[in-house]
Amino acid sequence: MSTTPAAYVHEVFPAAVLEDGAPEPRTEAWMQTVNQGFNSEAPTAEAARRRAAWLVEEGAVLRAVHPVEGREGVDGLGRPVATFVRTEGTVNLGGAELVPARMYTSVTVRPAHRRRGILRTMMEAELQAAVDAGFPLAVLTVTEGSIYQRFGFGTAVRSRSVTVDTGPRFALHRQPSGRVESVDAAWLEPRVGELFERFHARTVGSVTRRAGWSRYFTEADGETRARGVRAAVHLDDDGTIDGFVAYTAKGEFEARELQVHELVAGSDDAYRGLWQHLAAIDLAATATLEAAPLNGPLQYALVDQRVVRTTEVYDDLWARVLDPVAVLRSRGYGPLARAAGLELRLGVRDALGHAAGVFAVRPHADGVEASRVDDGAQLELDVSDLGALLFGNAATTLAAAGRIDEVEPGAIALADGLFAVPGGAYFQSHF
Ligand SMILES: CC(C)(COP(=O)(O)OP(=O)(O)OC[C@H]1O[C@@H](n2cnc3c(N)ncnc32)[C@H](O)[C@@H]1OP(=O)(O)O)[C@@H](O)C(=O)NCCC(=O)NCCS
């Protein structure tokens, strides 16, 4: 058999279910290959239905790759040898409107078919499809850090995992307003999507939450109904719910560890209040959260900031600019940058061509002007680093790392001023 991509056929189709709710055969075969690719246990029939329903709900478009010869495979089941899925969502870049984005995940290639260019063929086709559909941005999360930069993706948001000592050392400088009440997890479950929207609208770096994101309410290990998920909500002074936390208590009875599945705050008081609630839970020693902001307000809110221990820092969200003019125009800029009315011209390299060129951006008091210009780049950078800059990664840092070249003196400082995200971008809907 030939080892070139031409030896493979790509099928692109919307996820679908049968009348009885079971995944339709092509969707089912695709799901099986994804499970295998991530070494996950095969789901029960019930879990497979639920997952297929989520894919349908979010309008997921699946890509399944089959060999032209021997399509049925040795086992005769005809499962694809490679998978990819796209959904559509929005990204908060601090502007007046959320920015539409294609979201990619479930990227797998079976071991026997690797390094033959299947991923490259899938990715190039998907990026072209996103451009054709008018998406200015594509985003993904990764399991390995060295794969996606070649396709123009840059590290947009870093996150950290934290373990917080919820014992007597936990004390806030100032009491948050409003109050926190415990609620039944089943009551909260249908409300989390709406509460997330509030967080999404106020948080630079946030990305649409995929359907089924809160599967921790219903699944443990993809199987049974998860037991022991506990929940609480924060209510503001008017009694409006503006945040929630969902967690499971694990470990020894007297010193439980609270594993926080999600802490979603639609206000600063909700954020501090929900953490304080976790700390007030008896018989628990710590609370862990996998996706905390890299430099969020929690440690500043504490009398003893060492109560927060970072256990891991990782690249979380990756972004790929497809239309620089559109993203530069729809991105938010701080009041000082707008008042100054300064222009920056960015020379962008893009091996795939989509975002290559010189682009000028000038935020001002009444809006933002962005356009393609002929030349005069003050900075030169790869499209992957434009993705990083847009989410507030400092131009100074990227230049020190040898990634951005300053053509005109002062341009790095200008980029720092324009693209700063005070407090840092935060993304908590890993997909
Ligand atoms: C990662 C994976 C999708 C790559 O698929 P593939 O079809 O073998 O990749 P390709 O042959 O198209 O290679 C595309 C490029 O990526 C590079 N590449 C592929 N896998 C890589 C890896 N693991 N690390 C670094 N580079 C990698 C190739 O060298 C090639 O580079 P080039 O085109 O610039 O010469 C595949 O190995 C896989 O399924 N792994 C397990 C699941 C996984 O990790 N998925 C990623 C989820 S984020």
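The values are calculated or read from the model by the stated rules, or taken from the named source; none is laboratory data. On a predicted model such as this, the values are computed, not experimentally measured, just so you know. Every residue, glycine among them, receives a Cβ derived from its backbone with ideal geometry; neighbour counts consider all protein chains shown.
Given the criterion in a helix (DSSP H, G or I), assigned by TED's automatic domain parsing to the domain that holds ALA130, modelled with pLDDT of 95 or more and more than 15 Å from the ligand (Cβ to nearest atom), identify the matching residue among ALA52, ALA48, ALA101.
Criteria check complete, one pass: ALA52.
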When restricted to GLY145, GLY134, the only residue more than 13 Å from the ligand (Cβ to nearest atom) and assigned to a loop (DSSP other than H, G, I, E, B) is GLY134
Of all residues in the range 104-131, which are within 19 Å of ALA60 (Cα to Cα), small (Gly, Ala, Ser) and within 15 Å of the ligand (Cβ to nearest atom)? SER106, ALA125
Subset of the range 73-98 (residues that are more than 16 Å from the ligand (Cβ to nearest atom) and either at positive phi or of a type in the set (Gly, Ala, Ser) (or both)): GLY73, GLY76, GLY78, GLY89, GLY94, GLY95, ALA96
Looking only at the range 373-381, decide whether some residue is surrounded by 15 or more Cβ atoms within 10 Å (Cβ to Cβ) and either assigned by TED's automatic domain parsing to the domain that holds ALA232 or outside any strand (DSSP E or B) (or both). yes
Options GLU197, GLU189: the member that is free of Cβ contacts under 8 Å to residues at least 40 places away in the same chain and closer than 30 Å to VAL325 by Cβ: GLU197
Going through the range 59-94 in order, the residues found to be surrounded by fewer than 17 Cβ atoms within 10 Å (Cβ to Cβ) and closer than 23 Å to ALA156 by Cβ are GLU88
Could you check the range 16-45 and list, in sequence order, the residues that are surrounded by fewer than 18 Cβ atoms within 10 Å (Cβ to Cβ), within 16 Å of the ligand (Cβ to nearest atom) and among the hydroxyl-bearing types (Ser, Thr, Tyr)? SER40
